Amino acid sequence: MGGMEPAQLFFLSLIVAAPFLGVALENSGKRLNRTHYIGWVVFAIIANGLANVFGKQGFGPMVGMALFVAGLFVYFLLAQKSVQRAREAGISKSLCFIVAVPLVGLLMVVFLMIKGPGAGQAPASVDDASEG
């Protein structure tokens with residue numbers, strides 16, 4: 001059995017590092033309600049699907065690399081939005097690092113979509129959500 005090649009390991013590490021950095025660097029104090037978080041998740045799914053479709057069209061390596069970098073940025077943003085959603089749901093920021101773990105992170109995203117506001121947290125109003 002052959003191991004992973006160095007280039008594959010590098011790209012895998014970037015895929016894991018983007019959401020990890022998104023969680024680590026989110027210190028804004030913003031909160032994101034469930035509806036807006038679901039919107040961000042849908043945006044990430046659509047962006048990923050479009051990147052896959054365009055990436056398989058054979059536009060060349062530069063377009064493929066640009067789509068890869070754009071995908072990393074989307075995962076970075078989704079991780080930051082996960083921290084904001086967790087903050088609104090009364091969950092510790094440290095638990096959001098689970099989002100950076102491939103496949104397991106999807107369970108955390110689904111959990112954040114389902115979880116209501118935390119104890120003592122009033123549901124975010126439309127004005128609060130428009131700020132974030």
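Just so it is clear, none of the values below were taken in a lab; they were calculated from the coordinates. What you see is a predicted model, and the numbers here were worked out from it, not measured in a lab. Neighbour counts are summed over all protein chains in view; Cβ atoms, including those assigned to glycine, are modelled from backbone coordinates with ideal geometry.
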Query raised in the report: Given a Förster radius of 22 Å and the C-beta distance between Leu107 and Ile15 as r, what FRET efficiency does 1/(1 + (r/R0)^6) yield to the nearest 0.05?
Result: 0.80
Query - In order through the stretch 58-71: 3J(HN,Hα) via Karplus (6.51 cos²θ - 1.76 cosθ + 1.60), integer Hz, x for Gly, Pro - result: x, 7, x, x, 5, 5, x, 5, 5, 5, 5, 5, 4, x
Report summary line: Applied in sequence order to the stretch 24-37, the curve 6.51 cos²θ - 1.76 cosθ + 1.60 (Karplus, θ = phi - 60°) yields integer Hz couplings, x standing for Gly and Pro, of 5, 8, 7, 10, 6, x, 6, 10, 10, 6, 4, 4, 5, 5
Report task. Show me 63-71, 4-12 ranked by packing, highest mean number of other Cβ atoms within 10 Å first. Result -> 63-71, 4-12
Query - Anchor Lys81: lysines whose Cα lies under 24 Å away (excluding residues fewer than 8 positions away in-chain) - result: Lys30, Lys93, Lys115
Requested in this report: Work out, step by step, the length gained on full extension between Thr35 and Ala70: first 0.36 nm times the residue separation, then minus their alpha carbon distance; give nm to one decimal.
Outcome: 10.2 nm
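Let me know the whole percent of all Cα-Cα pairs from the chain that are separated by more than 21 Å.
Roughly 44 percent, once rounded to a whole number.
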Requested in this report: Set Lys and Arg Cβ to +1 and Asp and Glu Cβ to -1, take the dipole of the chain about its Cα centre, and tell me which of Ser28, Phe59, Ser94 lies farthest positive.
Outcome: Ser94
Requested in this report: Kindly identify the stretch 1-66 as rounded, prolate or oblate by the Cα gyration tensor criterion: order the square roots of the eigenvalues as a ≥ b ≥ c, call it rounded if a/c is under 1.5, otherwise compare a/b with b/c, prolate if a/b is larger, else oblate.
Outcome: oblate
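Compare the peptides 96-103, 78-85 by average per-residue count of other Cβ atoms within 10 angstrom and give them in order, highest first.
On the way: 96-103: 17.5, 78-85: 26.2.
Peptide ranking by packing, descending: 78-85, 96-103.
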Report summary line: One finds, for Asn27 and Glu5 with R0 = 25 angstrom and r their Cβ-Cβ distance, a FRET efficiency to the nearest 0.05 of 0.10
